[in-house]
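Input: a single structure, listed below in structure tokens.
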Amino acid sequence: MTPSLRRFLDDLHAAGAAHDAAQPDRLLKYRNLEPATAELLGLVVRMAGARSVIEIGTANGYSTAVLADAVADIDGHVVTVDTASQDEARDNLARAEAVQPGLMARVEFRQEDGGAFLVGRAFESVDLVFLDSERVEYPMWWPHPVRVIRPGGVLAIDNVLSHPDEVAPFLALLAREPVLVGATFAVGKGLHLAWRRGRDS
């Protein structure tokens, strides 16, 4: 990440936090990743060689830009999915592109239900899935958040410590899945990472 992009993302995160503080409607808040979580997620993308990334929950595009920067190092691509309009996220990614060219070509925006989108993905076709939307819906998407991940791929879930009751049913499903090895990290609002074993593991 270039210093110019880092400064842009710091400003975008600060603007998002100010927006959320003034917005009484929870569903209209951006609820961006914390910067430390974003840094960890970007590193995981690189370490996993995750060239095919799905993000569920676009908001204002803060995490989308972080993911686009990460996949650029490994010639990858991000599909970001949200039920709400993604116009602001597109605009913010274009602004990020102005300080670090090459990001826009790495991202595809899809305005649709995250669970329905995962249903339509092929078996073991994705390197990393990042869930950052309505947590209570995740169990209803089962088993697709895991089904689509290739062996050696990663499932990442934000807000597992800030909203433990909402995410607990989904984490319980993950814990019963023998192909996954997972752990929760006390960074930001809590990031859970689950690695999918190889077929012979």
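Just a few scattered comments:
- Coupling constants for segment 100-110 follow from the phi torsions by the Karplus curve (6.51 cos²θ - 1.76 cosθ + 1.60, θ = phi - 60°), and in residue order they are 9, x, x, 6, 4, 5, 8, 10, 10, 9, 10 Hz; glycine and proline get x.
- Contour minus Cα-Cα distance for Glu112 and Ala98 (0.36 nm per residue): 2.3 nm
- The length gained on full extension between Glu124 and Val181, counted as 0.36 nm times the residue separation minus their Cα-Cα distance, comes to 18.9 nm.
- With the simple model of a label 7 Å out from the Cα in the direction of the Cβ, Ala22 to Met47 spans 3.8 nm.
- Acute angle (nearest 10 degrees) that the helix 62-72 long axis makes with the longest principal axis of the chain, alpha-carbon atoms: 70
- Measuring nothing but alpha carbons in segment 82-201 and taking Rh as the Kirkwood radius, the Rg to Rh ratio lands at 0.99.
- Each residue of segment 14-26 was assigned a 3J(HN,Hα) from its phi angle through the Karplus expression (A = 6.51, B = -1.76, C = 1.60, θ = phi - 60°), giving 4, 5, x, 5, 5, 4, 5, 5, 9, 9, x, 7, 4 Hz with x at Gly and Pro.
- Each semi-axis of the equivalent ellipsoid for segment 24-140 is √(5λ) with λ an eigenvalue of the Cα gyration tensor; in descending order they amount to 20, 18, 14 Å.
- Where segment 64-148 is the region considered: accessible area per residue in Å², 1.4 Å probe: 41
- Rolling a 1.4 Å probe over the protein heavy atoms of the chain, with every protein chain left in place, gives an accessible area that is 55 percent carbon and sulfur.
- In degrees, nearest ten, helix 164-175 long axis to first principal axis of the chain (Cα): 40
- The distance from the alpha carbon centre of segment 1-37 to that of segment 93-112 is 17 Å, rounded to a whole number.
- Helical mean residue ellipticity (222 nm; -39500 (n - 2.57) per DSSP H run of 4+; nearest 500) of the chain: -12000 deg cm²/dmol
- Each Cα pair under 8 Å and six or more residues apart adds its separation to the average, and for the chain the resulting relative contact order is 19 percent.
- Rounded to the nearest 20, the size of the Cβ-charge dipole of the chain about its Cα centre is 540 debye, with Lys and Arg at +1 and Asp and Glu at -1.
- Degrees, to the nearest 10: 35-48 long Cα axis against longest axis of the chain: 50
- Beta bridges per DSSP with both ends in the chain, % antiparallel, nearest 5: 35
The values are calculated or read from the model by the stated rules, or taken from the named source; none is laboratory data. Since the structure is predicted, the reported quantities are computational estimates derived from the model, not experimental observations. In this analysis, Cβ positions are derived from the backbone assuming ideal geometry, glycine residues included, and neighbour counts consider all displayed protein chains. Quick note on the areas: whole protein, heavy atoms, side chains included, nothing else; ligands and nucleic acids left out. Shrake-Rupley method; radii C 1.70, N 1.55, O 1.52, S 1.80 Å.
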